[in-house]
Amino acid sequence: MSSLRCIECGADFKLETRVYTCPSCAGLLDVVYRTSGFNGKDLRGIWDARRGSASSFDLSGVWRFRELLPPAADSEIVTMTEGNTQIWDAPRSAGYAGIDRLAFKHLGMNPTGSFKDLGMTTGITQARRLGATSVACASTGNTSASMAAYAARAGMKAFVFIPSGQISLGKLSQALDYGASVLQIEGDFDVAMQLVREIAAETPVYLLNSVNPFRLEGQKTIAFELLQQRGWRLPDRIIVPGGNLGNSSAIAKGFHELLEIGLITKMPKLTIIQAEGANPLYRMWNSGAETLTPLKGAFTMATAIKIGSPVSWPKAIRGLRWCDGEVDQVSEQEIADAKAVIGSDGIGCEPASAVTLAGLRNLVARGTIDPGEDIVAILTGHVLKDPDYTVNYHRGKLGYTDSKGDAVALTSRFANRLQSVPADRDEIIAALGIE
Ligand code: F0G
């Protein structure tokens, strides 16, 4: 039997209870399973066999692992065969970080181009189980794109709250195209998040931000699929960007459940990287504080992680403790350069994902990470999510206005400049630099 359990006071609730946080102490909720009946080896065999199946539930990189997911009948499951995202070796990125080898698991290869699809399939499925006809989220762009798509598939109304002018056009265009009602809120993500939580508490609209534990159940399968693709060989370390902190929490929970059922015998290390202008977890973790102090006016050009008051911080802290983890921060310049290096590996990602390589490089330089470690960095969003950022970098025009109102121009160290040439054969050959 599975249930919802408060991570603070331990109170249990039925999975069918429509709550997002603990009604008695406001703590975050986990979906918990009685794992004592599971045998890791047996499950491994079942999960591996499903990869060769023809059923979309088996082929989904989420529902393939359904023994460790909230129960749902086939008729209730809303899936877009999410998951099955590639793990690629990235030799140039490894060289840039100063390590022997590096692999990226690219969650941007999901149906709507980000890891959010993994949590949205379980979130929308739960919405359907509860009889919801409309769903809502606040978003820096990817959650809204994903929720809009899955709600459309399920025939539900989608309301997305986005911080006005602060999300990339690629993501906004997705939410519009998939038919969501898009509300631009005059405020940042943290304001939009607060409002959508209040509105979901008072209305029949079902909340699909990652405070909803059913979202995180889908996202935890990142840990399962990653191991499965590696023949169940545990890496030494996982590196992940930190924004609202749902994903890092989910990945840690996934590994922890595998440990409980004996499928792995130790936890990998977990490194969370934040942008230095949106770094509340970094501040908390490295100061030894007991609670997280929200950061007002968080800023980064990696708009996906421009978050000052991350909802899931208590679960992220729990995950860091389970995983002997650490948190670091990186500058705008470091993010921009790392993104270009990931591009040069023929992989590419959106800016928020590039904090992983930028952070890894710093931690190797400081001697915190051993160059021989077996590391998987998680790329969270597709390169096409934010083409303005990429083109501006390569044009040498990437910059922002800081909190004092001063213009800050970044240096495009790895710029791949666009060339303009007349429509003339000889001039073109000369421009190619070929003798
Ligand atoms: N990377 C990308 C591309 C994201 O879109 C997000 C979060 C993160 C990293 C951070 O993950 O919040 O689980 O720590 N995007 C959310 C959104 C907030 O609304 O799309 P997290």
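The values are calculated or read from the model by the stated rules, or taken from the named source; none is laboratory data. Remember, it's a predicted structure, so these values are computed and weren't measured experimentally. Here the Cβ positions follow ideal geometry from the backbone for every residue, glycine too, while neighbour counts run over all protein chains shown. The area values use the complete protein model at the heavy-atom level, side chains included, leaving out ligands, DNA and RNA. Shrake-Rupley method; radii C 1.70, N 1.55, O 1.52, S 1.80 Å.
Here GLY123, GLY141, GLY108 are screened, and the one residue that is in contact (Cβ under 8 Å) with a residue 60 or more places away in the chain, under 20 Å from ARG66 (Cβ atoms) and within 14 Å of the ligand (Cβ to nearest atom) is GLY123. Please verify whether region 230-249 includes one or more residues that are more than 26 Å from ALA136 (Cα to Cα) and among the β-branched types (Val, Ile, Thr). Yes: region 230-249 contains one or more residues that are more than 26 Å from ALA136 (Cα to Cα) and among the β-branched types (Val, Ile, Thr).
Yes/no matrix, rows are residues, columns are (1) small (Gly, Ala, Ser); (2) surrounded by fewer than 17 Cβ atoms within 10 Å (Cβ to Cβ):
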| residue | (1), (2) |
| --- | --- |
| GLY308 | yes, no |
| VAL330 | no, no |
| ALA336 | yes, no |
| GLY346 | yes, yes |
| GLU350 | no, no |
| SER353 | yes, no |
| GLY399 | yes, yes |
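Entry remark, region 258-294: residues being among the aromatic types (Phe, Trp, Tyr) and open to solvent by 60 Å² or more (accessible area, probe 1.4 Å) number 1 in total.
For ASP402, state whether it is over 23 Å from MET267 (Cβ atoms) and modelled with pLDDT under 95. Judged against the criteria, ASP402 is a match.
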